[in-house]
Structure formats: C-alpha cells, structure tokens
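Enquirer: Dumping the structure here so I can ask a few things about it.
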Amino acid sequence: MPEPIAVVGAALLDDLSRPRLLLAARRTEPSHLAGGWELPGGKVDPGETELEALHRELREELGVDVVVGEEVTGPRPDGRWVLSERYAIRVWTAQVSGGQVSLLEDHDELHWLAAGELTSVPWLPADLPIVEAVGRLLGP
C-alpha cells in the first residue's frame, strides 16, 4: 500500500499554557465533507516541511499566524492520525500570535468550544479521535 498523502492540522487553542477553548471549523467542500466540523489545516505541498504547510494553511484558511505547541501524537508508528486510506494527518496544538481568526477559505462557520461543548458539533469521523485527545488537554 502506498504511503498516505501528508496532511497537517492545528488544534488551535485559546492559550497554549492554560488551554480552555478549541477552535472548530465547518467544511464547505468537497461535497462529501461539507457541513462536517474539523480542525483547520491541509495538505503539505511539494518542497514544503510539515510546519511550513501548517503555517501556510492557517494563514490561507483563517488569516492568522500562530505559535506552534506540542504535537498531538496519533496512533500510527509515525505519530500521524489516519484520515482515510489516502491521507494521514500530523496535528499540533497552536495559539494565534497575529491576525484575527476569520473565514477566508474552505469553511463557513467557526466556533470556540470548551471541553464540555466538544460534542456539540458533528465532527468529521476522522477528526473525532483527535478532538477527544485534545479535549483531555483542556481545563475548566
């Protein structure tokens, strides 16, 4: 089986040192994912490192610069999470360091969710285990 396509994502938190809120983003496309909620991010372009891709994707999708925190390690041997047969994602915690979170590309709604609200949106099935892992980092 071929190596899955590299994707990166951010568990965008209100504060890296004392996180209470996680940003959820509702997809607009492709049609089979539209309406599902996810962590922002996207594919790694050729010649780009994963962290370069993460910064680029967050600027393109949300108009923000971020400080990257710890990796949210997934179950694959390489630390990634399975999105599908074709894609695997590496996720880091992050905090906005510049700009205002805005709807620029790929999403039509954003919500900051506290630990007790994480199940209030219909997460894409592949993102759900990641969100559960990040939820354990959130304080009251």
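The values are calculated or read from the model by the stated rules, or taken from the named source; none is laboratory data. Since this is a predicted model, take the numbers as computed values, not measurements. Here Cβ is always computed from backbone atoms with ideal geometry, including for glycine, and neighbour counts include all displayed protein chains. Just so you know, the surface numbers come from the protein's heavy atoms only, side chains and all, with ligands and any DNA or RNA stripped out. Shrake-Rupley method; radii C 1.70, N 1.55, O 1.52, S 1.80 Å.
Enquirer: Could you please find all residues in region 69-82 being under 12 Å from the mean Cα position of the chain (by Cα) and either at pLDDT below 95 or surrounded by 17 or more Cβ atoms within 10 Å (Cβ to Cβ) (or both)? Can you show your working first?
Expert: Taking region 69-82 and keeping what is under 12 Å from the mean Cα position of the chain (by Cα), we get 71-72, 81.
Across region 69-82, the qualifying residues are Val72, Trp81.
Enquirer: Right, something else. Within region 1-24, take every residue that is assigned to a loop (DSSP other than H, G, I, E, B) and closer than 20 Å to Val82 by Cβ and give me the one that is least open to solvent (accessible area, probe 1.4 Å).
Expert: Step one: list which residues in region 1-24 are assigned to a loop (DSSP other than H, G, I, E, B), which gives 1-4, 14-20.
Next cut, closer than 20 Å to Val82 by Cβ only: 1-4.
Working: Met1: 202, Pro2: 106, Glu3: 130, Pro4: 23 Å².
Ranking the qualifying residues of region 1-24, first place goes to Pro4.
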